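Novice: Take this structure first; my questions come after.
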Amino acid sequence: MPRMSTEPPASGPAGRRHALLLIIPAFNEHLCIGDVVRRARRALPEADILVVDDGSLDATAREARRAGAFVVSHPFNLGIGGAVQTGLKFARRAGYEYALRIDADGQHDPHALQRLLATVRSGQADVAVGSRFLGGDVDMKIPPLRRLGIGLFAREVSWLTGTRATDTTSGMVVMNRRAAEVLATYMPQDYPEVESRIILHGAGLATREVPVRMGERLAGVSSIGSWRSIYYALKVSIAVLLTSWKQIPRAAASALEVADVQPAVDRDCDHQSGAADGHGPARSQTPVA
Amino acid sequence: MLLTVTVQLVRRRRLREEYALPWLGANAVILVLSVFPLAVRALGVAFDVGDAPPLVLVLGMLFALAILLSHSVIVTTLADHRRDLAQSVSILEWQVRQLETKVTSVMDGREVSAPGTHANGTGDP
């Protein structure tokens, strides 16, 4: 990767400069992007917020800019993976310490990012993923079919990585610089959340789930239609299998090796004891309705 | 016929030489086989099959499959490059806008110490 500039782009006050970059990939979300950015600024005043406008046809970029975010606009739609990757490349170029990510539809409470950040900062993991299903009380309505798919992916990822995964499609993520570096280079493109878990695992980095609550989206429609979700499930399952065979060079050192924490990442997981032995069919956290 | 079309495409720079080579080769083979039917029979003897024409068909299909696969590889490379370019362009565009804002504020005599951390979106039209 050619580094075109060593000059960091952001202009935050010195001192807490370039510590946190919150990446919000957005595609045609002009109805709620402004609120999402404003809420995130209140919840994380120390973070720079980068909205990656993925070739939106509406006023997403303008609304985000008006709300006070940095806005990077793709000339055309690259898909969610490409958008997140742009954010990670941005973070890499500017030398941010931690890369955070939430969805643009307002499902995520940005306050929960603090807990994810604490997990990564303390060296318990390189990546913290907000999981809807770890906390036990799932108060959002998820269509049964999608729930089935999510459970399937969780099983697949658990099996392939040997750690317990419950919410592999979560778009709420905090990662340290090592993980951001890996994904900036090897980001999967179409439906990146599931595959990136495998890639991070392949790079020898530790992922840990943190229970979060998610609400309904504020406005707009999900990018995954109901009909296409079957195709989506098939495609992702196969892609994940293929991904696990990809050659990913190991990252320099994982947080666990650096921080000398006992490597049992998933042993002391919060709720729902037992059956978290990773190998074998890990118990799905999603009761199939 | 096919041969002249290929050559014409290359001449008009609609087809790159490197991609034209396999087609030229295939065209030459087709030409030879159609001009000298004996060659087909020779091929049949060489591969030790009784009926030679279907053999030509099978070989042709294998050739087409190989070309399709190689094109998929090429498309993947191009798509990756396209994505990298789009990402670079968007980030650089942002940087240009930042610099423009800075330059403007310096020209106006104001100091660059922006009022807030995030007040950087003023450079857009």
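Novice: With equal scatterers on the alpha carbons only and no solvent term, can you work out the Debye log10 of I(q)/I(0) for chain B at 0.19 1/Å?
Specialist: Values returned for q = 0.19 Å⁻¹ are -1.09.
Novice: If you don't mind, another one. Any idea which of B:LEU57, B:VAL35, B:VAL5 is furthest toward the positive side of the dipole for region B:2-82, if Lys and Arg beta-carbons carry +1 and Asp and Glu beta-carbons -1?
Specialist: B:VAL5
Novice: Kindly write out, for region B:90-97 in residue order, the coupling ³J(HN,Hα) from the Karplus curve 6.51 cos²θ - 1.76 cosθ + 1.60 (θ = phi - 60°), rounded to whole Hz, with x marking Gly and Pro.
Specialist: 5, 5, 5, 4, 4, 5, 4, 5
Novice: While we're on this one: ³J(HN,Hα) across region B:12-26 via Karplus (A = 6.51, B = -1.76, C = 1.60, θ = phi - 60°), whole Hz, x for Gly/Pro?
Specialist: 8, 6, 8, 9, 6, 4, 4, 7, 7, 3, x, 5, 4, x, 4
Novice: Return one quarter of the surface area of the convex hull spanned by the alpha-carbon atoms of region A:20-244, equal to its mean projected area, in nm².
Specialist: Averaged projected area of region A:20-244's Cα convex hull equals 11.0 nm².
Novice: Which value, in debye to the nearest 20, gives the size of the charge dipole of region B:2-82 about its Cα centre, when Lys and Arg are +1 and Asp and Glu are -1 at the Cβ?
Specialist: 480 debye
Novice: Might you report the magnitude of the Cβ-based charge dipole of region A:20-244 about its Cα centre, with Lys and Arg at +1 and Asp and Glu at -1, to the nearest 20 debye?
Specialist: 220 debye
Novice: Which whole-Hz couplings ³J(HN,Hα) result when phi for each residue of region A:192-209 is put into the Karplus expression 6.51 cos²θ - 1.76 cosθ + 1.60, θ = phi - 60°, listed in order with x for Gly and Pro?
Specialist: Here the 3J(HN,Hα) series is x, 4, 5, 5, 5, 4, 5, 5, 4, 4, x, 7, x, 9, 9, 10, 9, 8 Hz.
Novice: Would you kindly work out the equivalent ellipsoid of region B:39-92 from its C-alpha gyration tensor and give its semi-axes, the square roots of five times the eigenvalues, largest first in whole Å?
Specialist: 46, 7, 6
Novice: Ok, one more. Among the DSSP beta bridges whose two residues both lie in region A:20-244, what percent are antiparallel, rounded to the nearest 5?
Specialist: About 30 percent, rounded to the nearest 5.
Novice: Follow-up question, since we're still on this one. In whole Å, what is the distance between the alpha-carbon centres of region A:86-135 and region B:1-23?
Specialist: That distance is 52 Å.
Since every read-out is calculated from the coordinates, none of them should be taken as a lab result. All values derive from a computational prediction rather than experimental measurement. Counting neighbours? That spans all protein chains shown, and the Cβs are built from the backbone with ideal geometry, glycine included.
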